[in-house]
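The values are calculated or read from the model by the stated rules, or taken from the named source; none is laboratory data. Every value quoted in this text rests on a predicted model; they were computed, and no experiment measured them. Note: ideal-geometry Cβ built from the backbone for every residue, glycine included; neighbour counts use all protein chains shown. These accessible areas exclude ligands, DNA and RNA; they are computed on the full protein's heavy atoms, side chains included. Shrake-Rupley method; radii C 1.70, N 1.55, O 1.52, S 1.80 Å.
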Amino acid sequence: MKKNFLSLKKLSTMFKGKRYKYIIGGCIALGFTACSVPKTVEKKENTNTPAGYGNTTGDSTNTAKIRWREYFTDPMLRDLIDTALQHNQELNITLQEISISQNEIRARKGEYLPFVGIKGAADVEKVGRYTSQGAGDATTEIKPGKEMPDPLPNYLVAAYATWEIDIWHKLHNATKAAVTRYLATVEGRNFMVTSLIAEIANSYYELLALDNQLRIVKQNIDIQTNALEIVKIQKEATRVTELAVRKFEAEVLKTKSLQYDIQQQITETENRINFLLGRYPQPIARNADSFGTSMPAAIKPGMPSQLLTNRPDIKRAELELTAARLDIKVAKARFYPSLGISAAFGYEAFNPGYLFKTPSSLLYSIGGDLIAPLVNRNAIKAEYASASAKQVQAAYNYERSILNAYVEVANILSKIQNLQQSYTLKSAQVAALSQSINISNDLFKSARADYMEVLLTQRDALESKFELIETQKAQMNALVDIYQALGGGWN
């Protein structure tokens, strides 16, 4: 242990005599390593976006700025979203990832601060008499008339410190990269929030659509049952055959079986919502009459450039790109010499009774080292090449995120327009077929239409009403999707 510490006086003398040699040697090592650093391969990302979506130029008014509580006005839906934001397991897993990233920042910050510790040690040493150390110990007296103990115990209590001087900002850039990745995880959490809100809203509107379809089926069962009674009366009057009665009975049974299919879909949709809410299956409170009435009438897409600041997935990709560029700087700094300082202060003695005698048992040391990689730097080169490749990869991912966001918004805006036209036409179709049911029944009673015309009219009317509800559900889903695509929901 004695050999591990240099006296401050001896260290000072050594530096006075050799400091120029160290400086020259350090400069040579620095020059060699600096000249042999591989060339950086970086890609400049393209963040240019069109002026508008399609043939229109937008203004700065953007629906994404609306908070989700204001965008979704159905109070029952808002309660479901509130519950999900508190109890959804996947979202809570992401929150733990954020906590992990925070701990990484703390670890990186600690790397460029001095490491200080306390050390206590006790050992015993027995050396051979006929060795240089053994011969020296045999002729050495600790005090006049008191020989060196054999074997020789040793006790140590000392504080020590090490510190790497961050002259190339390697540790500082690593800390900045950790901070940037932490911010990226926060944006990842925001992106998950927008996805969760959109998934719950879409499932909720699907549930309302199924409720309305079930109501239409039950109404249609009543209509078909009344028609069946009329056919039975017509058969008794010998105006139709048994075949007509059986056809109407089969149609009633088919429609009744349809309601159980819808009820199964309702159960599965409710359970899917409950899963997103992090709870076991239970009925979902809802108002079927609010279907199609609780969404905004107009959407303001704003300007495509706003996607860069509104969408969490784009901001996350940008932060990951920034972190990748910092990783290149960290990897590049490994080619340069590192400067370290170490120091120790404490007490050391062969007898615990002498351990804290000052200054006899006092020890202290301070030293510095300059280390530069010269030979076999393949690992450093490989790390540097990987960091460069990851930066290029992150740049492409950032560009792809922007392009994907623009395409999503453009597609949904077009979908909203086309669905509106389709809904108008289907509404007219439903109105016409609903009227045709009464007309066909009247014609059948007066023997001016056969029973097949009545059956087909009822079947077409039911299908058209189902299609109208599906179109209306698609409209509501599109309004949810455009809110998410524009970057709304996380604020």
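List pairs: first in segment 279-298 and touching a residue at least 24 places away in the same chain (Cβ under 8 Å), second surrounded by 14 or more Cβ atoms within 10 Å (Cβ to Cβ) and of a type in the set (G, A, S), Cβ under 8 Å, 6+ apart or cross-chain?
Listed by first residue and then by second, the contacts come to F291/A209.
Can you run down the residue pairs with Cβ atoms below 9 Å, 6 or more apart or on separate chains, where the first is in segment 349-369 and free of Cβ contacts under 8 Å to residues at least 60 places away in the same chain and the partner is polar (S, T, N, Q) and assigned to a loop (DSSP other than H, G, I, E, B)?
Qualifying pairs under 9 Å: Y354/S360; Y354/S361.
Tell me which residues, restricted to segment 331-352, are outside any strand (DSSP E or B) and either of a type in the set (V, I, T) or closer than 15 Å to L156 by Cβ (or both). Step through it out loud before you land on a result.
Step one: filter segment 331-352 for residues outside any strand (DSSP E or B), giving 331-337, 350-352.
Once the filter is applied, which keeps residues that are outside any strand (DSSP E or B) and either of a type in the set (V, I, T) or closer than 15 Å to L156 by Cβ (or both), segment 331-352 yields F350, N351, P352.
Here are some residues: L113, L80. Which one is out of contact with any Pro (no Cβ under 8 Å at 6 or more places or on another chain) and in contact (Cβ under 8 Å) with a residue 60 or more places away in the chain?
On the way: L113 fails: in contact (Cβ under 8 Å) with a residue 60 or more places away in the chain.
Matching residue, one of L113, L80: L80.
So K256 fits all but one of (1) in contact (Cβ under 8 Å) with a residue 24 or more places away in the chain; (2) closer than 22 Å to N220 by Cβ; (3) open to solvent by less than 70 Å² (accessible area, probe 1.4 Å); (4) in a helix (DSSP H, G or I); what number is the exception?
(3)
Condition check ((1) within 30 Å of I262 (Cβ to Cβ); (2) among the aliphatic types (A, V, I, L, M); (3) touching a residue at least 12 places away in the same chain (Cβ under 8 Å)) across all residues:
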position: P153; (1), (2), (3): no, no, yes
position: E164; (1), (2), (3): no, no, yes
position: I167; (1), (2), (3): no, yes, yes
position: V179; (1), (2), (3): no, yes, yes
position: Y182; (1), (2), (3): no, no, yes
position: N190; (1), (2), (3): no, no, yes
position: S195; (1), (2), (3): yes, no, yes
position: N212; (1), (2), (3): yes, no, yes
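Take segment 375-415 and flag every residue that is of a type in the set (S, T, Y) and either open to solvent by 70 Å² or more (accessible area, probe 1.4 Å) or free of Cβ contacts under 8 Å to residues at least 60 places away in the same chain (or both).
Taking segment 375-415 as the starting set, the residues that turn out to be of a type in the set (S, T, Y) are 384, 386, 388, 396, 398, 401, 406, 414.
Listed by number, the residues that qualify are S386, Y396.
Of everything in segment 35-73, what is over 23 Å from V407 (Cβ atoms) and either within 28 Å of the chain's Cα centre (by Cα) or open to solvent by 70 Å² or more (accessible area, probe 1.4 Å) (or both)? Give them in sequence order. Spell out the reasoning first.
Kept after step one, since they are over 23 Å from V407 (Cβ atoms), are these residues of segment 35-73: 35-42, 67-70, 72-73.
Within segment 35-73, C35, K39, V41, E42, R67, W68, R69, E70, F72, T73 meet the criteria.
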